[in-house]
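Structure first, then comments.
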Amino acid sequence: MASEYMNHMHGVRKPKVGLLNIGEEANKGREEYVEAHSLLSKVLPNFKGNVEARDLFKGNIDVVVCDGFVGNNLLKFAEGWIHHVHREVTSQLISDERNIDKSALNDIFTDIISEYEYEESGGSFLLGIKGICMICHGASPARAIKNAILSTAQSVKEKLVESIRVGISRTVAQIEII
């Protein structure tokens, strides 16, 4: 479903998919992870195997497969971490007496943060084949809610659910062959 989303909504024609796990080896993790790896490797031509959390920001993976609990915690950690690093660097720059262009460095951090800012998308889709559902942080500001509504409207306009339905049908047909 996420591959279809990336293809249909973001134009990533062959999204690279990784299974979030505790190691890169196919036999790592609990039984359900080993089974998921086996199935994904058979039905997704762009499946790149297991990926560790430390490698998620390298740009090698377009779609990360994980359960909702893990994914939610991962997202919240990443959001907090980037803001923490920005605060720490800002604090160090304020007390640093070297001749560093602090304004330019702050602008660079602001640009980096904006790439990962959840308020831009507003929330996350719960992908399915029967409808559109967008979830947002409970503490989302008005800007995030507005962008969530706009993203949801765009997904309806672009017939995301139908695209997912067609993609799932293709995948199920492949599974039945296996």
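Would you call Ala26 among the aliphatic types (A, V, I, L, M), in contact with a strand residue (DSSP E or B) (Cβ under 8 Å, 6 or more places away or on another chain) and crowded, with 16+ Cβ neighbours inside 10 Å?
Working: among the aliphatic types (A, V, I, L, M): yes; in contact with a strand residue (DSSP E or B) (Cβ under 8 Å, 6 or more places away or on another chain): yes; crowded, with 16+ Cβ neighbours inside 10 Å: no.
When the stated conditions are applied, Ala26 does not pass them.
What residue, of Ile175, Ile164, is in contact with an Asp or Glu (Cβ under 6 Å, 6 or more places away or on another chain), not in a loop (DSSP other than H, G, I, E, B) and not acidic (Asp, Glu)? Don't jump to the end; show me each part of the working.
Values: Ile175 fails: in contact with an Asp or Glu (Cβ under 6 Å, 6 or more places away or on another chain).
Ile164 is the lone residue from the list that is in contact with an Asp or Glu (Cβ under 6 Å, 6 or more places away or on another chain), not in a loop (DSSP other than H, G, I, E, B) and not acidic (Asp, Glu).
Under 8 Å between Cβ atoms, which residue pairs at least 6 apart in sequence (or on different chains) link something in the stretch 8-27 that is closer than 14 Å to Leu39 by Cα with a partner that is assigned to a loop (DSSP other than H, G, I, E, B)?
Close Cβ pairs (under 8 Å, with a partner that is assigned to a loop (DSSP other than H, G, I, E, B)) amount to Val17/Leu44; Val17/Asn46; Val17/Ile61; Val17/Asp62; Gly18/Asn60; Gly18/Ile61; Leu19/Cys66.
Can you pull out every residue in the stretch 42-54 that is surrounded by 15 or more Cβ atoms within 10 Å (Cβ to Cβ) and either of a type outside the set (Val, Ile, Thr) or modelled with pLDDT of 95 or more (or both)? Explain how you work it out, then say what you get.
Quick first cut of the stretch 42-54, residues surrounded by 15 or more Cβ atoms within 10 Å (Cβ to Cβ) only: 43-44, 46-51, 53.
Of everything in the stretch 42-54, those that are surrounded by 15 or more Cβ atoms within 10 Å (Cβ to Cβ) and either of a type outside the set (Val, Ile, Thr) or modelled with pLDDT of 95 or more (or both) turn out to be Leu44, Asn46, Phe47, Lys48, Gly49, Asn50, Val51, Ala53.
Scan the stretch 131-150 for residues that are in a loop (DSSP other than H, G, I, E, B) and either without any contact (Cβ under 8 Å) to a residue 12 or more places away in the chain or of a type in the set (Phe, Trp, Tyr) (or both) and jot them down.
Residues of the stretch 131-150 in a loop (DSSP other than H, G, I, E, B): 131-133, 136-141.
Correct list: Cys133, Gly138, Ala139.
Does Leu93 meet the test of being farther than 26 Å from Met9 by Cα and in contact (Cβ under 8 Å) with a residue 12 or more places away in the chain?
Values: farther than 26 Å from Met9 by Cα: yes; in contact (Cβ under 8 Å) with a residue 12 or more places away in the chain: yes.
Yes.
Could you tell me whether the stretch 131-140 includes any residue that is more than 22 Å from the chain's Cα centre (by Cα), loosely packed, with under 12 Cβ neighbours inside 10 Å and of a type in the set (A, V, I, L, M, F, W, C)? It would help to see each step written out before you state the result.
In the first step, residues of the stretch 131-140 are kept if they are more than 22 Å from the chain's Cα centre (by Cα); the result is none.
Checked against the condition, which is being more than 22 Å from the chain's Cα centre (by Cα), loosely packed, with under 12 Cβ neighbours inside 10 Å and of a type in the set (A, V, I, L, M, F, W, C), the stretch 131-140 yields no hits at all.
Condition check: free of Cβ contacts under 8 Å to residues at least 40 places away in the same chain, over 17 Å from Phe125 (Cβ atoms) and either touching a strand residue (DSSP E or B) at 6+ places or on another chain (Cβ under 6 Å) or not assigned by TED's automatic domain parsing to the domain that holds Lys76 (or both). Does Ser169 satisfy that? Walk me through it before giving the result.
Working: free of Cβ contacts under 8 Å to residues at least 40 places away in the same chain: yes; over 17 Å from Phe125 (Cβ atoms): yes; either touching a strand residue (DSSP E or B) at 6+ places or on another chain (Cβ under 6 Å) or not assigned by TED's automatic domain parsing to the domain that holds Lys76 (or both): yes.
Criteria met by Ser169.
Being at pLDDT 90 or above, over 28 Å from Ile132 (Cβ atoms) and of a type outside the set (Gly, Ala, Ser), is that true of even one residue in the stretch 4-17?
no
Please specify each residue of the stretch 111-128 satisfying the condition of being touching a residue at least 12 places away in the same chain (Cβ under 8 Å) and surrounded by fewer than 14 Cβ atoms within 10 Å (Cβ to Cβ).
Within the stretch 111-128, Ile112, Glu120, Gly128 meet the criteria.
Which of the numbered conditions does Asp101 fail, given that it passes all the others? Conditions: (1) among the charged types (D, E, K, R); (2) more than 26 Å from Ser140 (Cβ to Cβ); (3) touching a residue at least 12 places away in the same chain (Cβ under 8 Å).
Asp101 satisfies all of (1) among the charged types (D, E, K, R); (2) more than 26 Å from Ser140 (Cβ to Cβ); (3) touching a residue at least 12 places away in the same chain (Cβ under 8 Å) except (3).
The values are calculated or read from the model by the stated rules, or taken from the named source; none is laboratory data. Everything numeric in this text was worked out from a predicted model, so none of it was measured. All Cβ positions, even for glycine, are placed from backbone atoms using ideal geometry, and neighbour counts span all protein chains on display.
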